[in-house]
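The values are calculated or read from the model by the stated rules, or taken from the named source; none is laboratory data. Values in this document were obtained by computation on a predicted structure and should not be read as measured data. With ideal geometry, Cβ positions are generated from the backbone for all residues, glycine too; neighbour counts draw on all protein chains shown. When the accessible area is computed, the model is the full protein with side chains, heavy atoms only, and any ligands, DNA or RNA have been set aside. Shrake-Rupley method; radii C 1.70, N 1.55, O 1.52, S 1.80 Å.
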Amino acid sequence: MKSQFFKGVTYQIFTLFNIFEPNPLIFFLEIRNMKVKIDTKEKMHVISVEEEKLAANMTEDLRKTLLKFLDEPVKNVVVNFAQVEEMDGEVADILVSLQQAFYDAGHSMVFCNFQAPVEKFLDDKELLELMNFTPTESEAGDIVQMEEIERELLL
């Protein structure tokens, strides 16, 4: 484990290296009170939230973390919520606005693996219909790939 200064915020970074490439493919970040795992693929970053509850005090960290990917060479993001069992309303609202920011910038953001209580909560808040979400990470990746092709054809 090492501390690293990354674009203005100090993170605790845990890195797994691919034996064939010197660059890390998967790393874990501890962002103040929130833990995420980031897996960088050819067309997208898969961000797995490693928390059971996303509380309102995590909203700003989540927003800053996800928006930084708009400055990266790979700008599409899949956010995996498989471990999240509870979410505060402020977090849900910011997710909708973040998704819109990605699409406004011409990139994809897809959410996946919502647990039943989180999906019900988002549906009750009438936010689920505004979100691009899938039951699995694989399907989310497929949507990113299709949207990439669509953007290429429209250019």
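Of the candidates Val74, Val110, Val96, Val78, the single residue that is in a helix (DSSP H, G or I) and in contact (Cβ under 8 Å) with a residue 12 or more places away in the chain is Val96.
None of Glu137, Glu119 is over 13 Å from the mean Cα position of the chain (by Cα) and under 25 Å from Glu52 (Cα atoms) except Glu119.
Selection over the stretch 95-109 of residues that are open to solvent by 20 Å² or more (accessible area, probe 1.4 Å), touching a helix residue (DSSP H, G or I) at 6+ places or on another chain (Cβ under 6 Å) and either closer than 15 Å to Lys68 by Cα or charged (D, E, K, R) (or both) gives a count of 1. Residues in the stretch 44-73 that are surrounded by fewer than 16 Cβ atoms within 10 Å (Cβ to Cβ), over 13 Å from the mean Cα position of the chain (by Cα) and not acidic (Asp, Glu): Lys53, Ala55, Ala56, Asn57, Pro73. No other residue among Phe133, Phe81 is open to solvent by 30 Å² or more (accessible area, probe 1.4 Å), touching a Phe, Trp or Tyr at 6+ places or on another chain (Cβ under 6 Å) and not basic (Lys, Arg) apart from Phe133. Number of residues in the stretch 129-155 that are assigned to a helix (DSSP H, G or I), of a type in the set (A, V, I, L, M) and touching a residue at least 12 places away in the same chain (Cβ under 8 Å) equals 4.
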